[in-house]
Amino acid sequence: MGLLLAACAAYASLAAWVWLTFAQGMFWRTDVRLPPRSDPARWPSVAIVVPARDEAGVLPRSLPSLLAQDYPGPAEIVLVDDGSTDGTADLARRLADAHPGLPLTVLSPGDPAPGWTGKLWALRHGIAHARAHGRAPAPAARPAGTIAEAGTEATTGTEAGTATGAGTGTEVGPRPRHGAATGPEYLLLTDADIAHAPDSLRELVAAATSADLDLVSQMARLRVASPWERLVVPAFVYFFAQLYPFRRVNRPGSRTAAAAGGCVLLRTAAAVAAGVPDSIRQAVIDDVSLARAVRRSGGRIWLGLAERVDSVRPYPALADLWRMVSRSAYAQLRHQPLLLAGTVAGLVLVYLVPPIALLAGLTAGRPALAWAGGLAWLLMAGTYLPMLRHYRQPAALAPLLPFTALLYLLMTVDSAVRHYRGRGAAWKGRTYARPDDA
């Protein structure tokens, strides 16, 4: 009886891997990069909005890359200090002094209002400021990035249906002439731990304008240096692509929508049409929620892998990676126990059954069982190889994917346990309630 159940599980797992390999949007391919593009006749204005909470450790490696953007059109940076206690805001100002480039404004809007996550509250104020204080190109007589005026200012409102809020800020760079612009045509929403190549903004805007896209998002290349990062990080992106196949996301009219929150270029008009960030203010997994909101409002979205957009945040120990995954895993399942049970069962069937079936078949002298488990494991490892190559990791890590999947299973269960203990979606000292309880 036990061998019969094992055989059924092995065949079901093999069938699942055949379907995943050939019918799940070719999720395992890593050739989805920025679409064909050409320079626009006129480069649109862009505001780069950076939410930052206690990011002094990574800002010296990320903010200079934004200040150094080689963008032909008008552009500015709005860094929103989300209640940092490590001097993030002051460090950002010093970095702007040391690395002249795009003009920088630093805002401090205070603690988020009830029902808002900290990141989306920061984005709300950054977007509101950018729209209310549209920036004209810097005068040629003054290099961009030099201190023209310093002081506090109030962000009191925006235009045409975007968020309104109050905050204080210190501006580094030439102040915009009041009324000289109505706000940026595009918003680059990027995390404080993301470093961009000098042509990153130029390439993103060229892709958006060439393909008439409302949202262009790139999955930044995460840091892979420590042994645990090598084991866990490529699998993180692999699992994400399996849930949200990039080709399916990019298909017009598709019901699948996702984005990578570290690098999102968003047309301002599309943000207004989707009512973001207000419409997703409680979202812990804000990038997927943002993409869904834009698609629901009729916007065209695109998601792919980045080549020269990198996360500089280190996760050297397993505990660091564990916190990164468990803080939002149960939120991904909408805090539903049935979805949790289904996810655990699915992970066991798809990732753990193949090696168990292979070992059981070899031990019990059941060739069919061993073949079913072995073929499923082979398909699993084969589909993982392209992601390992993308991260420049050895192919020897591919057979270890079942072990990594087991770690993710335990992280997901731990996420649910934390939620029911009142320590659910926690990040940098904040714990967010289930959206319908907030």
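The values are calculated or read from the model by the stated rules, or taken from the named source; none is laboratory data. Computed from a predicted model, the values in this text were never measured in an experiment. Counting neighbours? That spans all protein chains shown, and the Cβs are built from the backbone with ideal geometry, glycine included. We work out accessible area using only protein heavy atoms, side chains counted, and drop any ligands, DNA or RNA first. Shrake-Rupley method; radii C 1.70, N 1.55, O 1.52, S 1.80 Å.
Structure summary
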| item | result |
| --- | --- |
| Stretch gain in nm, segment Asp31-Asp414, where the contour uses 0.36 nm per residue and the Cα spacing is subtracted | 134.5 nm |
| Contour excess over end-to-end distance, with Cα ends at Asp86 and Ser279 and 0.36 nm allotted per residue | 66.4 nm |
| Burial order of peptide ranges 363-373, 36-46, 96-106 (average beta-carbon count within 10 Å, highest first) | 96-106, 363-373, 36-46 |
| Where labels lie 7 Å past Cα in the beta-carbon direction, separation of Arg296 and Ala23 in nm | 2.9 nm |
| Cut-off under 5 Å, modelled amide H: who pairs with Val49 long-range | Val78, Leu188, Leu189, Thr190 |
| Global form of segment 1-105, assessed from the alpha-carbon gyration tensor, a/c cut-off 1.5 | oblate |
| Label-point separation in nm, Asp39 to Leu406, each point 7 Å along Cα→Cβ | 5.5 nm |
| Options Phe240, Ala195, Ser226, ranked by Cα towards positive dipole end of segment 186-245, top entry (Cβ charges) | Ser226 |
| Ordering of 188-195, 352-359, 206-213 by packing [mean C-beta count within 10 Å, highest first] | 188-195, 352-359, 206-213 |
| Charge dipole (debye, nearest 20) of segment 39-142; +1 at Cβ of Lys and Arg, -1 at Cβ of Asp and Glu | 320 debye |
| Two-site FRET efficiency, Ala15 against Asp70, from Cβ-Cβ distance with R₀ of 45 Å, rounded to 0.05 | 0.35 |
| Highest average packing first - 285-294, 395-404, 218-227, Cβ atoms within 10 Å | 285-294, 218-227, 395-404 |
| Protein accessible area in segment 1-122, 1.4 Å probe - carbon and sulfur % | 62 percent |
| Viscosity 0.890 mPa s, 25 °C: Kirkwood-radius Stokes-Einstein D of segment 204-343 over Cα pairs, µm²/s | 153 µm²/s |
| For segment 68-113 versus segment 17-53, the gap between their alpha-carbon centres in whole angstrom | 25 Å |
| Karplus (6.51, -1.76, 1.60) ³J(HN,Hα), θ = phi - 60°, over segment 381-396, in Hz, Gly and Pro reported as x | 5, x, 6, 7, 4, x, 5, 4, 5, 4, 9, 6, 10, x, 5, 4 |
| Computed log₁₀ I(q)/I(0) - Debye formula, equal Cα scatterers, no solvent, segment 201-243, q 0.25, 0.31 Å⁻¹ | -0.82, -1.01 |
| Segment 331-411 - percent of accessible surface contributed by carbon and sulfur, probe 1.4 Å | 77 percent |
